[in-house]
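Below is one structure, written out as structure tokens; comments come after it.
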Amino acid sequence: MAGISNEELVQKATIVADDLAAAGKLNPAQSDKFIDYVIEETILKDNARTVRFRNESLDIDKIGVGKRAAVPKAEAADPQVRRGISTSKVTLTPSEIMVPFEIGDNFKEINIEGENVSDTIVRLMATSLANDMEELYINGNTLGPAALEGDLIDNGSSTQYVKDTYLALQNGWFTLAEGGNIVDALGQNIGLSIFSQAIRAMPTKFRRNMANLRWILSPDLWQLYLEKLSTRATMLGDDAARGGGGVPGPFGITAVPVPLLPFQPTVVEHVVLNGTTAVSLKNAPVTNVVVTPNTLAGTPTTPYVVTTDYTLDAAAGTIARTGGGAIGDGDTVKVTYQANPQLLLTHFSNLIVGIGRDIRIEKDRDIYKGVDQYAITAKIAAQTEELTAIVKVRNIGTGV
């Protein structure tokens, strides 16, 4: 396998329909090349740390000195103190995901590529898998947001909701960052002040090498920043107006616009509603609010009704029971909504992607249906090494 490019691997070694690995399981060299391909297809390259593993879980050791190590030294005297190191672990617990699909005989016969269409479709599915993995790393939340059934499956309901069990597999980086340093922009529009607040919220020991830090934000939020810069009568403004290619990241930190990060991200919270007392959500304002039982699963469910079951102050980001609706006193509800833009600031190696080497690409035949069946299976995990080295800015304004 040495010397084979990622594209050649995709075309010849890993996901060619008639030349799959024995029993569907990729050998170590194929697995590494496939993982390289997945990374190349996403924003992960140079912006996150990729860890490859074979076990069911993986512990990453953290080593630090902690408090001051130096002590005063007196001539010919033992300082009578010894410094040590502190150790801890970050555990990556992978989730197994699969891309199942079928290719019918009639489709293979009538399309322009003929039999070769199988190879094309399998490669497209592998690329889609890479995008779906990135979506989980970024937007995952184990609470599981409520989603219209029709948005997740063909012919699903357009009015009833189910739990998005895929995004519930892992907490992604934006969810994990809730345990780090939080900056509430309070509706302030994107600009140098926002970026400066984020930098100052990060402990100085993590700012020693700014070149290793990254701004993680949506493409539309980055575009708003470029639009603001373009109004300046300066060379920087001209560069922004020409497309932003020559615009450096704010304060010398590389900006990484992430295509799969929504401008107004979907947020899910479980909140307890007591009496008719209003409860504040983490974000304000909020839009497209959906309130369901926190036990929402795969059965399509009609959401609670605003003004009948609960009251909502969208501008203030608060919710309360009405007292006479279907939500009982003390009930926990799932609140899914869209929030104002968010961004992250962290060291690129603080964002960890775990990808298992036991990747399977399997093919079978259903002679009764007249289809070739395929399944791409992988194990993945998302984690951060040091929460104190990450800053999350939320509630950024949507204007210039």
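For this structure, a couple of remarks:
- Cβ-Cβ distances below 6 Å connect the following pairs, each with a first residue in region 289-302 that is small (Gly, Ala, Ser), a second residue that is in a strand (DSSP E or B), and a separation of six or more residues or different chains: 297/163; 298/162.
- Residue 379 under 30 Å from residue 218 (Cβ atoms), touching an Asp or Glu at 6+ places or on another chain (Cβ under 7 Å) and not small (Gly, Ala, Ser): yes
- Checked against the criterion of being under 28 Å from residue 352 (Cβ atoms), open to solvent by less than 30 Å² (accessible area, probe 1.4 Å) and either at pLDDT below 95 or in a strand (DSSP E or B) (or both), region 182-197 contains one or more residues that satisfy it.
- Qualifying residue in region 303-311 (condition: touching a residue at least 40 places away in the same chain (Cβ under 8 Å) and touching a Leu at 6+ places or on another chain (Cβ under 7 Å)): no
- Pairs where the first residue, in region 124-140, is under 18 Å from residue 217 (Cβ atoms) and the second is assigned to a helix (DSSP H, G or I) and open to solvent by 10 Å² or more (accessible area, probe 1.4 Å), C-beta under 9 Å, 6+ apart: 138/174; 139/174; 139/175; 140/174; 140/175; 140/176
- When the residues of region 316-341 are filtered to those that are polar (S, T, N, Q) and in a strand (DSSP E or B), the one that is least open to solvent (accessible area, probe 1.4 Å) is 336.
- Pairs with Cβ under 9 Å, 6+ apart, first in region 147-160 and over 19 Å from residue 334 (Cβ atoms), second open to solvent by 40 Å² or more (accessible area, probe 1.4 Å) and in a helix (DSSP H, G or I): 158/151
- Residue in region 126-139 that is among the aromatic types (Phe, Trp, Tyr), open to solvent by less than 10 Å² (accessible area, probe 1.4 Å) and assigned to a helix (DSSP H, G or I) present: yes
Each row is one residue, and each column tells you yes or no for (1) at pLDDT below 75; (2) under 21 Å from residue 379 (Cβ atoms); (3) outside any loop (DSSP other than H, G, I, E, B).
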{"residue": "7", "(1), (2), (3)": "yes, no, yes"}
{"residue": "16", "(1), (2), (3)": "yes, no, no"}
{"residue": "23", "(1), (2), (3)": "yes, yes, yes"}
{"residue": "34", "(1), (2), (3)": "no, yes, yes"}
{"residue": "39", "(1), (2), (3)": "no, yes, yes"}
{"residue": "45", "(1), (2), (3)": "no, yes, no"}
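- Elements of type strands (runs of 3 or more DSSP E) in region 342-391, at least 2 residues being touching a residue at least 12 places away in the same chain (Cβ under 8 Å) and closer than 17 Å to residue 171 by Cβ: 343-347, 351-356, 371-384
- Residue ranges of strands (runs of 3 or more DSSP E) in region 241-315 with at least 3 members open to solvent by 30 Å² or more (accessible area, probe 1.4 Å): 266-273, 286-293, 310-313
The values are calculated or read from the model by the stated rules, or taken from the named source; none is laboratory data. This structure is a prediction, so every number in the text was calculated from the model and none was measured. No Cβ is skipped: glycine too gets one built from the backbone with ideal geometry, and neighbour counts run over all protein chains shown. Keep in mind that these areas ignore ligands, DNA and RNA; they rest on the heavy atoms of the full protein, side chains included. Shrake-Rupley method; radii C 1.70, N 1.55, O 1.52, S 1.80 Å.
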